[in-house]
């Protein structure tokens, strides 16, 4: 039997892609943390399924980190087309609030026109770095949980012993 561990890239890519897509879609991304943990658990399952050897919690942590990084990249890519839609939705909500509010802060019109948070590249990069850190931490958690749930049970082997059942019904005298 081979003691070589399976590759972690394909399971991490699969789990990260699923988690990243679900985390990038508006309203579905409310469960973002669960999607990342679930994606890492999926990656752990795929890793265990393809592994001829028993895997440790450290293997789950490593595949979880890779899953989190891939999920952050996929989330960033999937979120791009939804960014404009989210800005428009936020703008509509703020206009409705301003109709019913007695006092709005001074300069809120300019704040509304440029958006609540500037859409500069530096803000996007900061958000991406924060996502990588958080998704990696959640991926570690999901990977460890996945390995502990899906790991192969060790078969107890006995060297040279044969289990012979006793026949108690007919004893010879």
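The numbers here are math on the coordinates, done by the rules we state, and not lab data. Computed from a predicted structure; not experimentally measured. With ideal geometry, Cβ positions are generated from the backbone for all residues, glycine too; neighbour counts draw on all protein chains shown.
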Exercise. Ranking 79, 23 by Cβ neighbours within 10 Å, fewest first, what do you get?
Worked result: 79, 23
Problem set entry | Burial order of peptide ranges 131-137, 13-19 (average beta-carbon count within 10 Å, highest first) | 13-19, 131-137
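Could you line up 88, 99 from fewest to most neighbouring Cβ atoms inside 10 Å?
The order, fewest Cβ neighbours first, is 99, 88.
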